[in-house]
Amino acid sequence: MAVQVNNYFGSYYPNYQFSPFMMNSCMMSPIQSSPFMNTWVMPPMGMNNGFQQMQGLMTAYMHGSYLGMMLNMQIAAAASQQMTLMQQMQALQPSTVQPQTKPQENDGDSEVSGKNKNKEKTEKTDKSEGKGKTTPKTQTVTTEMKNQIINGTYTGDNVKVNGITHYRYADCKTSDRVSVGNGKQLHKDAAEAFNKMKAAAAKEGISLNVHSGLRTAATQKDLFSNKMKTKNRSFEDNLKWSAPAGFSEHHTGLALDINCAESSFANSKEYKWLKEHASEFGFELSFPENNAQGVGFEPWHWRYVGTNGEYKSVFAAARDNDPRFKS
């Protein structure tokens, strides 16, 4: 800010002539000059006492007194003080600062890296069990979860512990169940296919029988718990050889154990015949050696997917993650 003094000297000192030296020493600058009006801008000294200071300054200048030099110093000090005050006021005003954006962290080009990350995420989803789902190789099994699995109350889509995986399966509809003798049942389509396979094997001197067929979730619960006790297995070891309730292929009525449930069956002529001919009747081995699910090798356990793949979707989760069925 500055004090504007209009025509003071024209009113009170009409005959006075200013010199350039005087204007410089008084820190005054002419803005406009005319025969009728002189307009000057003076450094800030306050509007109320500006005229009195000007009078004193002119008097001192005309007489060349010591007072003139003192007034010059006073004016300069006042101007410096006012400038400092203005700077302090400006410093108190809030400044507009553009927020700094944290640089994106990526490997190489951000766009390419972003696409790669999206691609990786998509690939993980596509490789899930089932379609469009992703699950870890190993779940963190809490005591509560362990008890739920043993008691048959666990509601997850799968069980994954120490590289062993079991997928959930629904019970076969009652209307689709048929007897295959000795109190055993299968899904009607699996039963028909098995009987055809059994007849074909018999012609070659191979005897095939249903050792275990359809099992409900309630039956599987008792079986899982009993094997832990009778065979003195740990929870993890039991998962390798027995599916928890709700996660057995036997629930579907499309899976069966043939002749026995012993490892020695792998050396039998019946197993050899099945490896060569079971697919002709729509059956495939569920758990071969070193299978993708990490389940123990079960040469006796076969599932029916249909000669035209009619029931492949029932086992989609297991088949989608099995290298044997990758195209």
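Computing FRET efficiency as 1/(1 + (r/R0)^6) for VAL178 and SER313, where r is the C-beta to C-beta distance and R0 is 30 Å, gives about 0.90. Normalised by the number of residues in region 177-247, the average gap of Cα pairs under 8 Å and 6 or more apart makes the relative contact order 24 percent.
Taking label positions 7 Å along the Cα-Cβ direction at both ALA200 and PHE235, the computed distance is 4.4 nm, reported to one decimal.
Given their separation in residues at 0.36 nm each and the Cα-Cα distance between them, SER279 and THR143 gain 44.8 nm when the chain is fully extended.
Expressed as a rounded percentage, what relative contact order does region 133-325 have, with Cα pairs under 8 Å and six or more residues apart?
In percent, rounded to a whole number, it is 22.
Read the figures in this text as sums done on the coordinates, not as results from a lab. All values derive from a computational prediction rather than experimental measurement. So basically every Cβ, Gly included, is an ideal-geometry build from the backbone, and we count neighbours across all protein chains shown.
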